[in-house]
Amino acid sequence: MSEFDDWSVDPYIVALTAAGFLIALVAWLPLALRRLPLSLPIVCIVLGVAVFLIPQVTLRPLPLLYPEFSERFTEFVVIIALMGAGLKLDRPFSWQRWAVTWRLLIVTMPLTIFSIAILSAWMIGLPWIAALLLGASLAPTDPVLAADVQVGPPKSGEEDEVRFGLTSEAGLNDGLAFPFVNLAIALGLSAATGKPWMLDWILHSVLWEIGAGVAGGWLVGRAFGWLTFQVPAKTKLARTEDGLTALAATFVSYGLTELIQCYGFLAVFVTALTLRHAHRDHDFHQEMHDVTEQVERLAMMVLLLLFGGALVNGLLEPLDWTDIGLAIAILLVVRPLTGCVGLIGSHAVWSERLTLAFFGIRGVGSLYYLAYGLNHMEVEGAERLWAIVGLVVLFSILLHGLTVTPIMDRFDRRQR
């Protein structure tokens, strides 16, 4: 008998081999795709579809089958992306210098939420609570999948109005969409129990969670800024030249603020801005950013591989033609219109306004908010909500991924 007759595949060894290939792709693909009209997320989804079409792969990575994992893994990916986004913003924080950001947050995002909710109730007949949850989930632009339209690394100088606006918007609106998700949850619980909701929602979900999130993020950022740049020279963290400091700040900021029941997403981004402000020109920011970017990219690729697997395992089966029409309207009508409305009167020229309005990329943040909402309330037709959000994310990845290179190249030529 040959020793190969008893040969069998060890799943652990297969997993290690697959992880090696995945990490190699994380390092190589961004360079290979730099000048192509393709994005890394598109390639990841295609790979995921191919892997999960193999008959021997029996896992069905549908979010409804793994609700807790879906919420926690998307949460992890988003907080890493928020730290990276905050660290690479060169522009100092001020109300005037961030005017484009405030317009997108205060005008565009609420308009987007209620427009999607109204369309969802009118076009496809969703109950108002489910429609509000859908609107709150799909309103934020994504800090994870928008790397191609964000600013460059710290001190790179790649910070025009469009890239700055999209980066700062993605950093803040992933936290500021939470009150609307909590509003849908509060309305759902009130409908089931008859318990009053308005005062608790205003005092806790709006005032406390936003205020404490900002304050907590600032305090953690100040503490890490002092430890990193200002303690005696031999013991400050910057001397370690270890970018893992950024991950430490991310987890501490998110963990402490979530413990006091406020918005950890908002706190992480504020921590990143405060840490960057502690010594704006130090080279250590580049090292911290590089680590967060590598972890974010690896986690994003794993998530999108699973997303591709969900697509071939029936994620989109509950859709009908009206749902497809709604998804198209959200990307091609709602976001561009509300983006342009929010930027009326701004100093940005029209080419900048149109680019800002068009690249309202939907992605991991939307998946997180829907998972969070469905894990905290009972909603009829959860499969349909997942199918709609999945379709919007898929359309956004394809639409924005295929157009970002030519549009941003043309924009940069006009800027020069």
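Hey, can you tell me all the residues within region 84-96 that are open to solvent by 10 Å² or more (accessible area, probe 1.4 Å) and in contact with a Gly (Cβ under 9 Å, 6 or more places away or on another chain)?
Of region 84-96, the ones open to solvent by 10 Å² or more (accessible area, probe 1.4 Å) are 88, 90-96.
Matches in region 84-96: Lys88, Asp90.
Restricting to region 208-237, give me the number of residues that are open to solvent by less than 60 Å² (accessible area, probe 1.4 Å) and in contact with a Leu (Cβ under 9 Å, 6 or more places away or on another chain). Give the derivation first.
Filtering region 208-237 for residues open to solvent by less than 60 Å² (accessible area, probe 1.4 Å) gives 209-213, 215-217, 220-221, 223-225, 228-229, 231, 233, 236-237.
Subset that is in contact with a Leu (Cβ under 9 Å, 6 or more places away or on another chain): 209-210, 213, 216-217, 220-221, 224-225, 228-229, 231, 236-237.
Number satisfying all stated conditions: 14.
I'm trying to understand the selection: among the residues of region 262-285, which are part of a helix (DSSP H, G or I) and among the hydroxyl-bearing types (Ser, Thr, Tyr)? Full working, then the answer.
Keep residues of region 262-285 that are part of a helix (DSSP H, G or I), which gives 264-278, 284-285.
The answer is Thr271, Thr274.
Would you pick out the residues in region 127-148 that are in a helix (DSSP H, G or I) and at pLDDT 90 or above?
Of all residues in region 127-148, those in a helix (DSSP H, G or I) come to 128-138, 147-148.
The answer is Trp128, Ile129, Ala130, Ala131, Leu132, Leu133, Leu134, Gly135, Ala136, Ser137, Leu138.
Among the listed residues Ser351, Ser366, which satisfies the condition of being open to solvent by less than 20 Å² (accessible area, probe 1.4 Å) and among the polar types (S, T, N, Q)?
Ser366
Could you count how many residues in region 9-53 are among the small types (Gly, Ala, Ser), farther than 20 Å from Val144 by Cβ and modelled with pLDDT of 85 or more?
Selection size over region 9-53: 1.
Identify all residues within region 52-83 that are over 26 Å from Ala382 (Cα atoms) and crowded, with 16+ Cβ neighbours inside 10 Å; write none if there are none.
So in region 52-83, the residues over 26 Å from Ala382 (Cα atoms) come out as 54-56, 80-83.
Of everything in region 52-83, those that are over 26 Å from Ala382 (Cα atoms) and crowded, with 16+ Cβ neighbours inside 10 Å turn out to be Ile80, Ala81, Leu82, Met83.
With the checklist (1) within 19 Å of Ala147 (Cβ to Cβ); (2) in contact (Cβ under 8 Å) with a residue 60 or more places away in the chain; (3) hydrophobic (A, V, I, L, M, F, W, C) in hand, flag the one item Trp386 doesn't pass.
In the conditions (1) within 19 Å of Ala147 (Cβ to Cβ); (2) in contact (Cβ under 8 Å) with a residue 60 or more places away in the chain; (3) hydrophobic (A, V, I, L, M, F, W, C), Trp386 misses (1) alone.
Inside region 167-197, can you point out the residues that are open to solvent by 30 Å² or more (accessible area, probe 1.4 Å), closer than 30 Å to Arg97 by Cβ and modelled with pLDDT of 85 or more?
Across region 167-197, the qualifying residue is only Phe180.
Taking region 293-327 as the search range and keeping residues that are β-branched (Val, Ile, Thr) and farther than 26 Å from Glu75 by Cα, which one is nearest to the chain's Cα centre (by Cα)? First the steps, then the outcome.
So in region 293-327, the residues β-branched (Val, Ile, Thr) come out as 295, 302, 312, 322, 324.
Checking the rest, the ones that are also farther than 26 Å from Glu75 by Cα come to 322, 324.
Details: Thr322: 26, Ile324: 22 Å.
Looking at residues that are β-branched (Val, Ile, Thr) and farther than 26 Å from Glu75 by Cα, I get Ile324.
Do the conditions hold for Ala267, that is, is it in contact (Cβ under 8 Å) with a residue 24 or more places away in the chain and within 28 Å of Gly255 (Cα to Cα)?
On the way: in contact (Cβ under 8 Å) with a residue 24 or more places away in the chain: yes; within 28 Å of Gly255 (Cα to Cα): yes.
Judged against the criteria, Ala267 is a match.
Taking only region 279-315 into account, find how many residues are more than 21 Å from Leu29 (Cα to Cα) and buried (at least 20 other Cβ atoms within 10 Å of the Cβ).
5
Using the structure shown, decide if Leu256 is surrounded by fewer than 21 Cβ atoms within 10 Å (Cβ to Cβ), in contact (Cβ under 8 Å) with a residue 40 or more places away in the chain and farther than 15 Å from Glu287 by Cβ. Break it down into steps so the answer makes sense when it comes.
Working: surrounded by fewer than 21 Cβ atoms within 10 Å (Cβ to Cβ): yes; in contact (Cβ under 8 Å) with a residue 40 or more places away in the chain: yes; farther than 15 Å from Glu287 by Cβ: yes.
Taking the combined requirement at face value, the residue satisfies it.
Considering only helices (runs of 4 or more DSSP H) fully contained in region 149-261, which possess at least 3 residues that are of a type in the set (Ser, Thr, Tyr) and touching a helix residue (DSSP H, G or I) at 6+ places or on another chain (Cβ under 9 Å)? Can you show your working first?
Working: elements: 161-176, 178-193, 209-225, 244-259.
So the answer is 244-259.
Please go through region 283-341 and pick out each residue that is among the aromatic types (Phe, Trp, Tyr) and farther than 29 Å from Leu237 by Cβ. Break it down stepwise before answering.
Initially, region 283-341 is screened for residues among the aromatic types (Phe, Trp, Tyr), giving 284, 307, 321.
Result: Phe307, Trp321.
When region 385-400 is examined, which residues are found to be under 15 Å from the mean Cα position of the chain (by Cα) and among the small types (Gly, Ala, Ser)? First the steps, then the outcome.
Taking region 385-400 as the starting set, the residues that turn out to be under 15 Å from the mean Cα position of the chain (by Cα) are 389-390, 392-394, 396-397, 400.
Gly390, Ser396, listed by residue number.
Are there any pairs with C-beta distances below 6 angstrom linking a residue in region 86-103 that is farther than 18 Å from Ala267 by Cα and free of Cβ contacts under 8 Å to residues at least 40 places away in the same chain to a residue that is in a loop (DSSP other than H, G, I, E, B) and not hydroxyl-bearing (Ser, Thr, Tyr), with the two at least 6 apart or on different chains, and if so which?
What qualifies is Arg97/Arg91.
Tell me, please, whether a residue that is part of a loop (DSSP other than H, G, I, E, B) and surrounded by fewer than 24 Cβ atoms within 10 Å (Cβ to Cβ) can be found in region 103-121. Quick ask: steps written out before the conclusion?
Our first condition is that a residue be part of a loop (DSSP other than H, G, I, E, B); within region 103-121, this holds for none.
The answer is no, given that none of the residues of region 103-121 is part of a loop (DSSP other than H, G, I, E, B) and surrounded by fewer than 24 Cβ atoms within 10 Å (Cβ to Cβ).
The values are calculated or read from the model by the stated rules, or taken from the named source; none is laboratory data. A quick note: this is a predicted structure, and the numbers were derived from the prediction, not measured. Methodologically, a virtual Cβ is constructed for each residue, glycine included, from the backbone with ideal geometry; neighbour enumeration extends over all protein chains shown. Only protein heavy atoms, including side chains, enter the accessible area calculation; ligands, DNA and RNA are left aside. Shrake-Rupley method; radii C 1.70, N 1.55, O 1.52, S 1.80 Å.
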